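Worksheet for the structure shown next.
The values are calculated or read from the model by the stated rules, or taken from the named source; none is laboratory data. Small disclaimer: the values here were computed from a predicted structure and weren't measured. Quick reminder, even Gly has a Cβ in these numbers, built from the backbone with ideal geometry, and neighbours come from all protein chains shown.
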């Protein structure tokens with residue numbers, strides 16, 4: 001019997017390889033031996049399986065289980081409204097990640113995602129605006145690290161403790177409006193906070209010198225940054241240039257300046273409000289990720305589908 005590819009399709013492998021697959025018993029011609037050939041793939045030859053879309057609570061837990069996990073950690077007074085069972089998050093991470101991958105949870109809640117990711121050997125970032133970031137999430141992760149959390153998926157992952165994390169707090173806005181509607185540096189920032197914030201913004205290491213008042217940070221051994229809310233005159237800029245000297249550069253960030261700084265080759269002068277505004281995004285209601293230009297998935301290899309390839313061109 002002669003079998004041809006379906007209309008619009010073509011053979012995806014050479015005859016020699018096809019005959020070799022037949023000889024290896026990896027081609028199936030149907031129950032009667034006369035159907036369209038299909039490639040046989042064994043579980044040992046594939047990287048994974050398509051996950052089932054039905055997850056019974058016997059496998060991934062339920063809301064009551066997750067609430068008991070939280071109560072076991074923090075007591076009934078710290079019960080969270082919508083916790084997820086650790087077994088559910090474990091299933092998700094098993095499907096979507098590998099050990100060492102980075103997991104982002106932008107709405108940390110009670111910290112379940114980070115706790116499970118940590119136990120499974122994944123790195124994690126959690127973001128939470130509520131005060132329970134301090135009262136629930138941080139203590140929960142510390143318990144995982146100290147191996148004091150014996151519930152959830154601890155036993156299933158053979159977790160024994162270890163690791164660590166960093167806790168960051170979002171700083172107040174650097175700029176605010178004065179009564180005339182002008183952008184000015186926020187009153188929440190003192191001089192040291194302002195210098196540190198601008199070092200971060202400009203990619204400098206904040207390391208104020210004890211001997212050079214103008215040295216608030218550095219990016220290299222020869223490049224420095226100076227932050228001031230004053231208006232600098234040309235004479236002050238020239239004095240700064242002389243103190244910096246040859247072989248070094250200084251980025252000066254000030255409220256305003258007078259004169260032509262271009263005559264001072266070792267100085268770069270920028271105005272604080274204007275430069276900060278240009279470097280940041282302001283007044284937006286939507287910071288959604290633009291996904292319209294994401295790359296398309298790669299075409300599957302012929303052996304990954306069947307013995308017929310895409311339509312011939």
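Observations
- Any hit, the range 262-280, residues being assigned to a loop (DSSP other than H, G, I, E, B), at pLDDT below 95 and either under 30 Å from residue 106 (Cβ atoms) or in the same structural domain as residue 29 (by TED's automatic domain parsing) (or both): yes
- The residue that is farthest from residue 129 (Cα to Cα), among those in the range 157-175 that are modelled with pLDDT of 85 or more and loosely packed, with under 10 Cβ neighbours inside 10 Å, is 158.
- Sole residue being farther than 20 Å from residue 147 by Cβ and surrounded by fewer than 16 Cβ atoms within 10 Å (Cβ to Cβ), chosen from 80, 107: 107
- Yes/no for residue 29 being surrounded by 10 or more Cβ atoms within 10 Å (Cβ to Cβ), in contact (Cβ under 8 Å) with a residue 40 or more places away in the chain, over 30 Å from residue 123 (Cα atoms) and out of contact with any helix residue (DSSP H, G or I) (no Cβ under 8 Å at 6 or more places or on another chain): no
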